[in-house]
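Down below is the structure, laid out as C-alpha cells.
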C-alpha cells in the first residue's frame, strides 16, 4: 500500500525538502543577498509640469492673420468658404450662412474663433480651437484640436 501512495507523496516531500533548505540558510548568506538591498526610487525626482515646460517653436505674428482666408467647399471645388479676421478682434464668416463667426483671439500658436449657428434650435456660442501649423503671406494651415492627428484645414489668403 505504501508503494501506491509513494508516487503521490513524492512531489509533496520534494517541496517540503526545498522549503526546509531555504529556511535554514545561514545568517551571513541572508545578509549578502542583493535582492534585499533597498534602492530609493528617484524616477520622478525633478519632474516639472510638462505643459509648462513646452515652448512654442512657431512664433505667430497676429498681424499676418488679419485678412480673408478661404478654402474650397467640400464637393464644390468652385465654391469657396472661410473667415475674415479683422484688426479689432472681430471675425466674419465667408459663404457660411449658418455658421456665424463673431470674434477671434491668438494665444501663442493657438487660434480661437468664437461662433454660433443661425437657423437651428441650439444657438449656443462655440469656440473653435485650432493650432496654427503653418502661416505665410498666402497660406494658413490649421489643426483643429478635436480632429484626428494628421488632419489639417488649409486656407489661402483672398483679396
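If we scan segment 126-142, do we find a residue that is more than 17 Å from residue 62 (Cα to Cα), in a loop (DSSP other than H, G, I, E, B) and modelled with pLDDT under 95? So far as segment 126-142 goes, no, none of its residues is more than 17 Å from residue 62 (Cα to Cα), in a loop (DSSP other than H, G, I, E, B) and modelled with pLDDT under 95.
Could you please let me know if residue 65 is loosely packed, with under 15 Cβ neighbours inside 10 Å and modelled with pLDDT of 95 or more? No; evaluated as a whole, the condition is false for this residue.
Table: residues versus (1) under 26 Å from residue 58 (Cα atoms); (2) touching a strand residue (DSSP E or B) at 6+ places or on another chain (Cβ under 7 Å); (3) modelled with pLDDT under 95.
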{"site": "75", "(1), (2), (3)": "no, no, yes"}
{"site": "78", "(1), (2), (3)": "no, no, yes"}
{"site": "98", "(1), (2), (3)": "no, yes, yes"}
{"site": "112", "(1), (2), (3)": "yes, yes, no"}
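Of the candidates 105, 91, the single residue that is in a strand (DSSP E or B), surrounded by 12 or more Cβ atoms within 10 Å (Cβ to Cβ), at pLDDT 95 or above and within 25 Å of the chain's Cα centre (by Cα) is 105.
The values are calculated or read from the model by the stated rules, or taken from the named source; none is laboratory data. The shown structure was predicted, so the numbers you read here are calculated from the model rather than taken from an experiment. All Cβ positions, glycine included, derive from the backbone under ideal geometry; neighbour counts span all protein chains shown.
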